[in-house]
1. Any residue in region 90-106 that is within 25 Å of GLU227 (Cα to Cα), in contact with a Ser or Thr (Cβ under 8 Å, 6 or more places away or on another chain), at pLDDT below 95 and crowded, with 18+ Cβ neighbours inside 10 Å?
2. Give the residue that is surrounded by the most Cβ atoms within 10 Å (Cβ to Cβ), with candidates limited to residues of region 72-89 that are part of a helix (DSSP H, G or I) and in contact (Cβ under 8 Å) with a residue 24 or more places away in the chain.
3. Considering only residues that are hydroxyl-bearing (Ser, Thr, Tyr) and surrounded by 15 or more Cβ atoms within 10 Å (Cβ to Cβ), look in region 216-251 and name the one that is farthest from ALA321 (Cα to Cα).
4. Kindly indicate the residue of region 238-259 that is among the hydrophobic types (A, V, I, L, M, F, W, C) and in a helix (DSSP H, G or I) and also nearest to GLY195 (Cα to Cα) among those meeting that condition.
5. Modelled with pLDDT under 95, under 18 Å from VAL83 (Cα atoms) and not in a helix (DSSP H, G or I): is that true of GLY15 in this structure?
6. Please tell me if THR138 is among the β-branched types (Val, Ile, Thr), free of Cβ contacts under 8 Å to residues at least 60 places away in the same chain, farther than 22 Å from MET268 by Cα and surrounded by fewer than 20 Cβ atoms within 10 Å (Cβ to Cβ).
7. Hey, LEU223 hits all of (1) closer than 21 Å to ARG196 by Cβ; (2) not in a strand (DSSP E or B) but one; which does it fall short on?
8. Would you check if GLU25 is assigned to a helix (DSSP H, G or I) and touching a Ser or Thr at 6+ places or on another chain (Cβ under 8 Å)?
Amino acid sequence: MKVVHINGGGETGGGKSHLVTLLPELRRAGCDAFLIVFSDGLLAREARAAGIPTTCLGVSRMMSLRLFKALLRLLREQQPDIVHTHGGRANLYGRLAARLAGVRCVVTTVHSYSDLDYGQAWHNTWFSLVDRLTWSLTDRFIAVSRDLGHSLNKRGVRSDRVAVVHNGITPWEGSGIALAKEFSLPAGPIICAVGRFVAVKRFDVLLQAMAIVQMALPTATLLLVGEGPLFGALEALAKHLKIEGRVVFTGYRQNARAILSSADVFVMSSDMEGLPIVLLEALSAGVPVVATAVGGIPEVVRSGETAFLVPRGHPQALAEAISTCLRDGEGAKLRAARGKQWFLQHGTAQAMSDQTLALYKEWGV
């Protein structure tokens with residue numbers, strides 16, 4: 001079975017991790033899976049390092065006839081059984097090119113909500129429209145959470161065209177790092193959050209919650225791991241809240257998994273998520289989790305049992321959950337242990353690969 005996965009190439013978050021994790025597992029299971037990216041970048045570099053055959057078309061422009069012709073020519077040469085697209089640009093070009101190339105089956109993985117993915121409103125509107133207009137060119141959709149699957153159904157995609165495969169990752173076998181030494185932190189508990197600095201992640205709510213936590217636990221420090229267009233605004237907000245001395249912006253870090261695995265609590269403050277890879281990383285590492293009850297997150301963790309879930313956009317509730325985790329160390333460890341057990345049973349890369357391969361076979365390839 002030959003499967004071509006297509007992505008724009010600019011991924012730095014969960015979409016990148018998904019591909020770099022899934023394709024080696026598919027190849028180990030005997031599937032001839034390879035990757036086409038439109039532009040070179042972190043995804044292509046990590047894919048090649050993971051042993052994934054990767055072709056870069058060398059086009060970064062949003063709209064390009066040259067890109068489309070190059071992709072169509074490559075698909076006609078390769079003649080894959082399946083074209084599997086990931087992301088807005090890949091969906092548009094990949095679906096059209098696959099149909100013209102005579103590919104038997106076109107699959108799209110829906111990782112998130114297309115109207116929330118991009119930093120600029122017109123990007124969200126454009127890709128949401130184009131995605132919907134080319135749905136008819138897609139045979140099957142894989143949603144990374146039931147919530148995303150239901151969203152597709154509500155927007156008109158028949159349920160028999162949608163399957164749910166939760167994201168999976170390789171179990172954590174690395175070692176943590178001394179965060180206080182790494183980032184020159186003062187003594188005290190460490191709270192960690194990882195993600196792109198974009199509106200949907202609501203790091204502004206987390207900073208407001210941190211200001212509340214500081215009043216009760218003045219030695220706590222917040223590590224914000226990532227980068228993005230809202231960096232300046234978030235840095236200014238930390239200063240406005242007078243917590244800049246206890247907030248560290250680390251920038252993008254390739255060892256983010258080691259960083260979060262060494263924290264005392266991991267926090268997600270998003271307004272919406274599909275099924276975040278970084279949440280699985282925290283569960284795999286056995287780190288206590290506080291998160292908003294949005295999207296696919298409640299499908300993975302249960303509040304009070306494997307994590308604390310709070311309403312979105314609620315700094316006070318977020319602060320209270322974080323403070324409880326830091327004060328009740330034994331309870332936090334117990335929830336983290338249960339979360340890790342769930343992960344080992346349901347959240348691994350092999351589980352994701354096995355389910356994906358089963359769907360390929362079910363769909364007649």
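The values are calculated or read from the model by the stated rules, or taken from the named source; none is laboratory data. It should be emphasised that the depicted structure is a prediction, and the values quoted were computed from it without experimental measurement. Methodologically, a virtual Cβ is constructed for each residue, glycine included, from the backbone with ideal geometry; neighbour enumeration extends over all protein chains shown.
1. The answer is no, given that none of the residues of region 90-106 is within 25 Å of GLU227 (Cα to Cα), in contact with a Ser or Thr (Cβ under 8 Å, 6 or more places away or on another chain), at pLDDT below 95 and crowded, with 18+ Cβ neighbours inside 10 Å.
2. ARG89
3. THR250
4. ALA256
5. Judged against the criteria, GLY15 is not a match.
6. Criteria not met by THR138.
7. (2)
8. For GLU25, the condition - assigned to a helix (DSSP H, G or I) and touching a Ser or Thr at 6+ places or on another chain (Cβ under 8 Å) - is met.
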